[in-house]
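Notes follow once the structure below has been shown.
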Amino acid sequence: MPLANHKSSVPVIVDEDKCIADKGCRVCIEVCPLDVLWINEETGKAHMKYDECWYCMPCEADCPTDAVKVNIPYLLS
Ligand code: SF4
Ligand code: SF4
């Protein structure tokens, strides 16, 4: 899987101001069937580590703080 190096272009964006991963939340990481979300070591917040996504949405739906935004490609929406 390619590493997600370009933060602004990956399918899933985490709002670091809202994310409470630094308080122990791992919901989005646990619900993702592809295991592409992980903790950013620099910020302590969740982010998209691998640029792969099924657009299945539980990460966005289950995040307790609405920090996750899945950008569904136009052709799939
Ligand atoms: S579910 Fe939301 S608050 Fe929890 S780690 Fe993921 S983005 Fe952060
Ligand atoms: S939409 Fe699905 S595959 Fe994509 S990051 Fe969220 S849980 Fe993982």
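The values are calculated or read from the model by the stated rules, or taken from the named source; none is laboratory data. Note that the coordinates shown come from a computational prediction; the quantities given were computed from them, not determined experimentally. Don't worry about glycine lacking a Cβ; one is built from the backbone with ideal geometry, like all the others, and counts go over all protein chains shown. Heavy atoms of the whole protein, side chains included, go into the accessibility calculation; ligands, DNA and RNA do not. Shrake-Rupley method; radii C 1.70, N 1.55, O 1.52, S 1.80 Å.
Could you list, in sequence order, the residues of segment 36-77 that are near ligand 2 (Cβ under 8 Å from one of its atoms) and either aromatic (F, W, Y) or over 15 Å from V10 (Cβ atoms) (or both)? W54, Y55, C56, M57, P58 - these are the residues of segment 36-77 that are near ligand 2 (Cβ under 8 Å from one of its atoms) and either aromatic (F, W, Y) or over 15 Å from V10 (Cβ atoms) (or both).
Of all residues in segment 40-58, one or more are within 15 Å of ligand 1 (Cβ to nearest atom), among the β-branched types (V, I, T), more than 11 Å from the chain's Cα centre (by Cα) and open to solvent by 30 Å² or more (accessible area, probe 1.4 Å).
Kindly establish whether D17 is open to solvent by 70 Å² or more (accessible area, probe 1.4 Å) and either assigned to a loop (DSSP other than H, G, I, E, B) or on the phi > 0 side of the Ramachandran plot (or both). When the stated conditions are applied, D17 passes them.
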